[in-house]
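Report on the following structure.
The values are calculated or read from the model by the stated rules, or taken from the named source; none is laboratory data. Note that the coordinates shown come from a computational prediction; the quantities given were computed from them, not determined experimentally. Cβ sites come from the backbone with ideal geometry, for glycine too, and all protein chains shown count toward neighbours. Note: areas computed on protein heavy atoms with side chains; ligands, DNA, RNA excluded. Shrake-Rupley method; radii C 1.70, N 1.55, O 1.52, S 1.80 Å.
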Amino acid sequence: MAEILVLGVSHYPPLAGPDERMAYILRRMLQNPSLPASLREPAGWPEGMRAEWGNDEGVSSAARHRSDLVAALMKTRAALDQFDPDFVVIWGDDQYENFKEDVVPPYCVNAYERFKITVPPGNVWGEPAGELYETPGHVRGAKHLATGLIEADFDTAYAYKPLHHSLGHAFANAVLYLDYNRVGFPYPIVPVTINCYGRKVISQRGGFPDFDRTLDDSDLDPPAPTPRRLFDLGAATARILAASPWRVALLASSGWSHAFLTEKNHFLYPDTPADRRMYEALRCGDYATWRNTTAAAVEQSGQQELLNWMCLAGAMKQLGRKPASTELIDTWIFNSSKAFLIAPP
């Protein structure tokens with residue numbers, strides 16, 4: 001039987017930029033013409049949000065947020081290096097990168113020989129914009145997984161080359177951030193793309209709300225796969241790979257509740273209470289709470305990307321495992337809660 005390591009990280013895009021830009025999503029959401037007048041200035045914000053914004057528009061808080069995130073990433077990288085997998089399966093979302101108008105599968109196993117990753121402009125590493133890294137894939141492992149899922153009655157899409165984008169940021173950032181100190185990332189990857197954004201993957205292009213346009217039900221897309229289905233997909237993935245000849249790391253890459261998806265909070269801050277409920281259930285091994293979460297609850301709390309972690313929770317349940325290490329790094333002003341998990345064999 002193979003050995004399986006389970007990990008969870010964040011792919012938070014602003015981490016790649018300087019502290020001065022980390023709150024840019026909040027600044028954009030403050031431009032919402034429908035934002036209540038009381039929330040347009042910090043004086044009307046919740047107390048914790050005002051404190052995090054401080055007197056420098058969040059720059060000091062950004063430095064602390066970065067320090068916490070990088071420490072969690074380095075702890076995760078240490079666990080990955082100690083395990084030394086043959087390859088890493090990454091569950092991540094596609095935000096209008098390869099899932100576009102021409103095809104939107106519920107999930108897709110990417111069986112590429114190699115993956116190209118480029119760094120964004122103005123990055124924190126001081127690297128030239130578009131600096132290219134290549135990461136090997138593991139075609140044999142990807143085909144084995146896709147075959148096993150199809151045989152287990154999961155109608156699984158697969159791809160041998162990208163359709164539009166070389167590699168979505170959920171996967172590229174996971175690699176870049178786990179190599180935050182630029183020591184190299186030697187592990188082949190098998191990205192499994194999940195349509196987390198569902199009803200907003202095309203209508204909102206998997207991103208910020210369009211404040212010039214109000215979406216009604218006729219504008220929205222068909223929904224994402226249900227939490228229950230993705231939980232079961234994760235369980236099947238663990239079962240298939242546990243019976244394989246490889247040492248495999250299973251990694252969920254995402255933020256949790258996103259401010260720009262949380263309408264009930266006027267798109268200003270995430271639903272941290274909802275994240276904490278799910279975090280406590282995961283930490284304690286209460287996987288029934290995860291599998292029984294409804295799609296409506298996920299959308300209401302802006303937790304679309306939590307669907308990547310539904311796969312992780314299903315894998316944990318299948319393996320009969322509780323996490324050895326967890327951390328939830330929450331925030332008012334930096335768009336999303338970030339969770340980290342390590343569950344070794």
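Note on the chain: with a GNM built from Cα contacts shorter than 10 Å, the maximum mean-square fluctuation among 91, 309, 246 falls on 246. Highest mean first, the peptides 197-206, 122-131 sorted by other C-beta atoms within 10 Å per residue fall in the order 197-206, 122-131. Scanning residues 5 or more positions from residue 115 or on other chains, those with amide H under 5 Å from its amide H are 135, 137, with H placed 1.01 Å from N in the peptide plane.
For the range 165-256, the square roots of the Cα gyration tensor eigenvalues, ordered a ≥ b ≥ c, give a/c of at least 1.5 with a/b no greater than b/c, which places it in the oblate category.
Only helices enter the 222 nm calculation for the chain: every DSSP H run of n ≥ 4 contributes -39,500 (n - 2.57), and dividing by all residues gives -10000 deg cm²/dmol, rounded to 500.
Taking only protein heavy atoms and a 1.4 Å probe, what accessible area per residue, in Å², does the range 104-158 have with all protein chains in place?
On a per-residue basis, the range 104-158 sits at 51 Å².
Computed from Cα atoms, the angle from the helix 227-242 axis to the main principal axis of the chain rounds to 40 degrees. Applied to the range 100-108, the Karplus parametrisation 6.51 cos²θ - 1.76 cosθ + 1.60 on θ = phi - 60° returns per-residue 3J(HN,Hα) values of 10, 4, 6, 6, 10, x, x, 6, 8 Hz, with x for Gly and Pro.
Could you tell me whether the range 64-108 comes out rounded, prolate or oblate from its Cα gyration tensor? Rule is a ≥ b ≥ c as square roots of the eigenvalues, rounded for a/c under 1.5, then prolate if a/b exceeds b/c, otherwise oblate.
oblate
Helix 306-319 and the longest principal axis of the C-alpha atoms of the chain enclose an angle of approximately 40°. Separation of the range 236-309 from the range 44-89 is 18 Å, based on Cα centroids. When the trypsin sites (Lys or Arg not before Pro) in the range 1-90 are filtered for DSSP coil states and for at most 15 other beta-carbon atoms within 10 Å of their beta-carbon, the remaining sites are 40. Here the 3J(HN,Hα) profile of the range 78-84, calculated from phi with Karplus coefficients 6.51, -1.76 and 1.60 at θ = phi - 60°, is 4, 5, 5, 5, 5, 6, 6 Hz, Gly and Pro shown as x. Expressed as a whole percent, the accessible surface of the range 271-345 that belongs to carbon and sulfur atoms is 50, based on a 1.4 Å probe. Number of Lys-Lys pairs in the chain with C-alpha atoms under 24 Å apart and a separation of 8 or more places or on different chains: 16. What the phi angles of the range 38-52 give under the Karplus curve with 6.51, -1.76 and 1.60, with θ = phi - 60°, is a coupling list of 5, 9, 6, 10, x, 4, x, 7, x, 4, x, 5, 4, 5, 5 Hz, glycine and proline written as x. Each peptide in 164-173, 313-322 gets a packing score, the mean of other Cβ atoms within 10 Å over its residues, and the list from highest to lowest is 164-173, 313-322.
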